[in-house]
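The values are calculated or read from the model by the stated rules, or taken from the named source; none is laboratory data. Just so it is clear, the model here is predicted, and its values are computed rather than measured. All Cβ positions, even for glycine, are placed from backbone atoms using ideal geometry, and neighbour counts span all protein chains on display. When the accessible area is computed, the model is the full protein with side chains, heavy atoms only, and any ligands, DNA or RNA have been set aside. Shrake-Rupley method; radii C 1.70, N 1.55, O 1.52, S 1.80 Å.
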Amino acid sequence: MKYPENYKYYAIKGELYQALEDDANALAAFNKMLEVDGENPYAHLALADYYRDKKQQEKSFSEVVIAFRSQEMDIDTKVQMLLSYY
């Protein structure tokens, strides 16, 4: 990978594996994303989406809480995320 420090590449990789229903590799990519930038709220939202798709609501909610606590996340994203639960 040309830019291994950029968490977005791991997010894309995880989403691709998720679309291919390769859960093990998808989760590995999302976990690597958090290793690269564990403070990034958008990384936590990507993992929350993964867990929500897998019907693991508690884990999903935990990741959302971590993301929402971040000052880096803009209010529009927070509102969008809340609306997706309704």
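Based on what the data block shows, is Leu82 free of Cβ contacts under 8 Å to residues at least 40 places away in the same chain and touching a Gly at 6+ places or on another chain (Cβ under 9 Å)? Taking the combined requirement at face value, the residue does not satisfy it. Scanning the range 1-22 for residues that are open to solvent by 60 Å² or more (accessible area, probe 1.4 Å) and either at pLDDT 85 or above or among the aromatic types (Phe, Trp, Tyr) (or both) yields Tyr3, Lys8, Tyr9, Ile12, Lys13, Glu15, Leu16, Tyr17, Ala19, Leu20, Glu21. For the range 50-72, the candidate set comprises residues that are surrounded by fewer than 20 Cβ atoms within 10 Å (Cβ to Cβ) and within 20 Å of Asn6 (Cα to Cα); within that set, the residue that is nearest to the chain's Cα centre (by Cα) is Ile66.
Remark: pairs (first residue in the range 11-39, of a type in the set (Val, Ile, Thr); second residue in a helix (DSSP H, G or I) and open to solvent by 50 Å² or more (accessible area, probe 1.4 Å); Cβ separation under 9 Å; 6+ apart in sequence or on different chains) = Val36/Tyr9.
Could you run through the range 23-37 and say how many residues are within 21 Å of Ile66 (Cα to Cα) and open to solvent by 60 Å² or more (accessible area, probe 1.4 Å)?
Here is the first cut: in the range 23-37, the ones within 21 Å of Ile66 (Cα to Cα) are 26-37.
Imposing the further condition that a residue be open to solvent by 60 Å² or more (accessible area, probe 1.4 Å) reduces the set to 31-32, 35.
Within the range 23-37, residues that are within 21 Å of Ile66 (Cα to Cα) and open to solvent by 60 Å² or more (accessible area, probe 1.4 Å) number 3.
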